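Here the structure is laid out as structure tokens; the discussion comes afterwards.
The values are calculated or read from the model by the stated rules, or taken from the named source; none is laboratory data. Keep in mind it's a predicted model, so treat the numbers as computed, not measured. We place every Cβ from the backbone using ideal geometry, glycine too, and count neighbours over all the protein chains shown. For accessibility, only protein heavy atoms count, side chains too; no ligands or nucleic acids. Shrake-Rupley method; radii C 1.70, N 1.55, O 1.52, S 1.80 Å.
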Amino acid sequence: MKEILVIYYSQTGQLFDVLKNISATISDENVNISYCEIVPKKKFPFPWKSEEFFDVFPETFLQIPAPIEAIPDEILRKKYDLVILGYTVWYLTPSIPINSFLKSSEANKILANTPVITISASRNMWIMAQEKVKKLLVENEAKLVGNIALVDRNINHISVITIVHWMMGGKKTRLFGIFPKPGVSDSDIVAASRFGLPIKKAVMESDYGTLQKNLLEMGAVKIDASLIATDKRGNVVFGKWANTLIKKTGEERKKWLVYFNYYLLFAIWVIAPIVFIVFLLTYLPMFRKIQKERAYYSSVALKQD
Ligand SMILES: Cc1cc2nc3c(=O)[nH]c(=O)nc-3n(C[C@H](O)[C@H](O)[C@H](O)COP(=O)(O)O)c2cc1C
């Protein structure tokens, strides 16, 4: 009997639906799948109020762990053949609950010397967050063997508008009845079940050598090369903001978070389009570099820096 653990944090249930659909095609009489939800001691709100949404930024980006409920003993006692880590991206970084888990001593107990598949369901900017997860997995002595990254496939600026409507309004519906539904589409959530087949084969054969290649052939990861530069640049600027904001307290912090809110609007509506135009203008001379980056970020390898 093969033992698989699905460990995750999903606020609205979108990521959890993806995980359930993938698990459904892995599961059979030879495979036992256990689920473990990461539960923060202090719950994050949903729907979010604007101040709360920005208030989690500094701690998220600086990857400062928050207390989480203890992982049940029956999970810690078992040795798993495979762990599926389901995470979402907050501010170009793994969400606080997932980061807190990955930095806990329990993570090391569960993940050490264990194959791990990461599965994310984000808006579209997940590449640098995945690099951060890769590093945390190495710190936990885990072996990353596969990655599936589902995203909102609408164009960047449409998905910004619709996700705000979803996160602040609490409903995954079409804004004004004209915009597309926010987040990962219903059809992509259902079709995620196909990824279970190569995962099941790899688990049964204890051979993960070609898993990521097989997952990529099925469309598990689609790299939008124009977003790599935005994600990287965003990380540099977010670092500066987060290090400034973390030093502010009380009313001072509130005031600075409002400035950050304005900056974010400016970054999305002014800087990101400029980065995109530069990307288009330099596409041909940068073609080889872009292809290399595409291959690397689709892979489960971690660059040494
Ligand atoms: C505070 C916050 C920040 C987010 N930042 C990002 C981001 O930087 N990149 C991205 O692609 N998605 C971002 N998202 C969207 C999430 O990755 C995710 O798709 C959404 O929260 C639904 O996930 P759920 O399964 O937990 O409900 C953010 C969501 C929240 C709540």
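Scalar couplings 3J(HN,Hα) for the range 107-113, obtained by applying the Karplus form with A = 6.51, B = -1.76, C = 1.60 to θ = phi - 60°, are 4, 4, 4, 6, 9, 4, 6 Hz; x denotes Gly and Pro.
Normalising by the residue count of the range 77-181, find the relative contact order in percent from Cα pairs under 8 Å and 6+ residues apart. Write out the running numbers ahead of the final one.
Values: 145 pairs, mean separation 27.0, N = 105.
Here the relative contact order equals 26 percent.
Using the Cα centre as the reference, give the magnitude of the dipole from point charges on the C-beta atoms of the chain (Lys, Arg: +1; Asp, Glu: -1; all else neutral), rounded to the nearest 20 debye.
Numbers: 39 positive and 29 negative charges, 156 e Å.
In debye, rounded to 20, the chain gives about 740.
For Ile68, the residues whose modelled amide H falls within less than 5 Å of its own, excluding neighbours fewer than 5 places apart on the same chain, are Lys41.
Which net charge results when you count Lys and Arg as +1 and Asp and Glu as -1 among the other residues whose beta-carbon is under 10 Å from that of Pro198? Numbers along the way, then the final one.
Values: positive: Arg194, Lys200, Lys201, Lys213; negative: Glu217.
Value of the local net charge: +3.
Quick check: from the Cα gyration tensor, does the range 258-305 come out rounded (a/c under 1.5), prolate or oblate?
Verdict is oblate for the range 258-305.
Shape call for the range 82-180 from the C-alpha gyration tensor, a ≥ b ≥ c root eigenvalues: rounded (a/c under 1.5), prolate (a/b greater than b/c) or oblate? Prolate, since a/c reaches 1.5 and a/b exceeds b/c. In order along the range 168-182, the phi-based Karplus estimate (6.51 cos²θ - 1.76 cosθ + 1.60, θ = phi - 60°) of 3J(HN,Hα) comes to 8, x, x, 10, 8, 10, 6, 4, 6, x, 10, 5, x, 5, x Hz; Gly and Pro are listed as x.
So, with a 1.4 angstrom probe, what is the percent of accessible area on the range 260-305 that is carbon and sulfur?
On the way: 2460 of 3390 Å².
Whole-percent figure for carbon plus sulfur exposure: 73.
Across the accessible surface of the range 92-134, with the other protein chains kept in place and a 1.4 Å probe, carbon and sulfur atoms take up 49 percent.
What accessible area per residue comes out for the range 220-305, rounded to a whole number of Å², with a 1.4 Å probe? Can you show the working numbers first?
Working: 5600 Å² over 86 residues.
That works out to 65 Å² per residue.
Phi angles of the range 183-191 translate, via the Karplus equation with coefficients 6.51, -1.76, 1.60 and θ = phi - 60°, into HN-Hα couplings of x, 5, 5, 4, 5, 5, 5, 5, 5 Hz per residue; Gly and Pro are given as x.
So what is the relative contact order of the chain, in percent, for Cα pairs below 8 Å that sit 6 or more residues apart? Could the numbers behind the result be given before it?
Working: 465 pairs, mean separation 62.1, N = 305.
About 20 percent, as a whole number.
Backbone amide hydrogens, once placed in the peptide plane, bring Tyr35 within less than 5 Å of Val6, excluding anything fewer than 5 places away on its chain.
Rounded, prolate or oblate: which fits the range 149-250 when a ≥ b ≥ c are the square roots of the eigenvalues of the alpha-carbon gyration tensor, with rounded for a/c under 1.5 and prolate only if a/b beats b/c? Verdict is oblate for the range 149-250. Please identify the trypsin sites (Lys or Arg not before Pro) of the range 175-224 that satisfy two criteria: DSSP loop assignment and at most 15 other Cβ atoms within 10 Å. Which are they? Within the range 175-224, the qualifying trypsin sites (Lys or Arg not before Pro) (loop, at most 15 other Cβ atoms within 10 Å) are Lys222.
Projecting the Cα atoms of Ile26, Asn113, Phe57 onto the dipole axis of the range 1-116, where Lys and Arg carry +1 and Asp and Glu carry -1 at the beta carbon, places Asn113 farthest toward the positive end.
Structure remark: mean-square fluctuation, Gaussian network model of the chain, C-alpha springs under 10 Å; the largest value among Pro40, Pro72, Pro180 belongs to Pro72.
Once the 1.4 Å probe is applied to the protein heavy atoms, the range 87-145 comes out at 27 Å² accessible per residue. Going by amide H atoms built from the backbone, whose H comes under 5 Å of the H on Ser104, apart from near neighbours? Those qualifying (amide H under 5 Å, at least 5 residues apart or on another chain) number zero. In this rough spin-label picture, where each label sits 7 Å from Cα along the Cβ direction, the Leu62-Phe176 distance is 3.9 nm.
Where only DSSP H runs of four or more residues are counted, the chain gives -15000 deg cm²/dmol as its mean residue ellipticity at 222 nm, each run worth -39500 (n - 2.57). Taken as Cα centroids, the range 73-87 and the range 232-305 sit 33 Å apart, rounded to the nearest whole angstrom.
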